[in-house]
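Quick notes on the structure that follows.
The values are calculated or read from the model by the stated rules, or taken from the named source; none is laboratory data. In this text the structure is predicted, and so the values were computed from the model without any measurement. A quick note on method: Cβ atoms are made from the backbone with ideal geometry, for glycine too, and the neighbour counts reach across all protein chains shown.
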Amino acid sequence: AVLAGEIRKLATAIHTEAASPKSDVIADWAERLEATCEAHVHDSHNDEGAVAALRAKLLALRERCRRYAFEMDFSFLMRQERKLLSIGYRVEDRQLDESCYDLLASEARLTSLFAIAKGDLPT
């Protein structure tokens, strides 16, 4: 956090001198870096009660995400004629997007494997 503070001071000095859009971006990023580092230092000094509360929140979030994933039915994304998953569903038009994943994208691979494992899609 100390080094991040020094970086922020240097970036602020540069921005004061240059007063350009680019120096403004640098100063903004340096402020964000310092704030993030300070937050990490603060988090590392939390008492056991705060850590236990955070752990409970994260476990609840994990369970909620798991429930959402298993409640989803991915079968409607399958374009039968192409044997590929559509990249999405256009709610306004009530139809699948014409474009499909070619299974090279990592999210398409993961979705396909997950949907097959759940039984939503055929192998």
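Data table
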{"read-out": "Flag if L85 is exposed (fewer than 11 other Cβ atoms within 10 Å of the Cβ), outside the structural domain of E6 (by TED's automatic domain parsing) and either closer than 30 Å to V2 by Cβ or in contact with a Phe, Trp or Tyr (Cβ under 6 Å, 6 or more places away or on another chain) (or both)", "value": "no"}
{"read-out": "Counted residues, the range 53-94 - those being free of Cβ contacts under 8 Å to residues at least 24 places away in the same chain and over 24 Å from the mean Cα position of the chain (by Cα)", "value": "10"}
{"read-out": "Residue in the range 102-114 that is in contact (Cβ under 8 Å) with a residue 40 or more places away in the chain and surrounded by 12 or more Cβ atoms within 10 Å (Cβ to Cβ) present", "value": "yes"}
{"read-out": "Where a residue in the range 21-33 is within 12 Å of L10 (Cα to Cα) and assigned by TED's automatic domain parsing to the domain that holds K9 and its partner, wherever it lies, is among the polar types (S, T, N, Q) and surrounded by 12 or more Cβ atoms within 10 Å (Cβ to Cβ), with Cβ under 6 Å and at least six apart", "value": "A27/T12"}
{"read-out": "One residue from T36, T12, T111, T16 being under 28 Å from T123 (Cβ atoms) and among the β-branched types (V, I, T)", "value": "T111"}
{"read-out": "Set D97, D73, D24: member being closer than 30 Å to V2 by Cβ and modelled with pLDDT under 95", "value": "D24"}
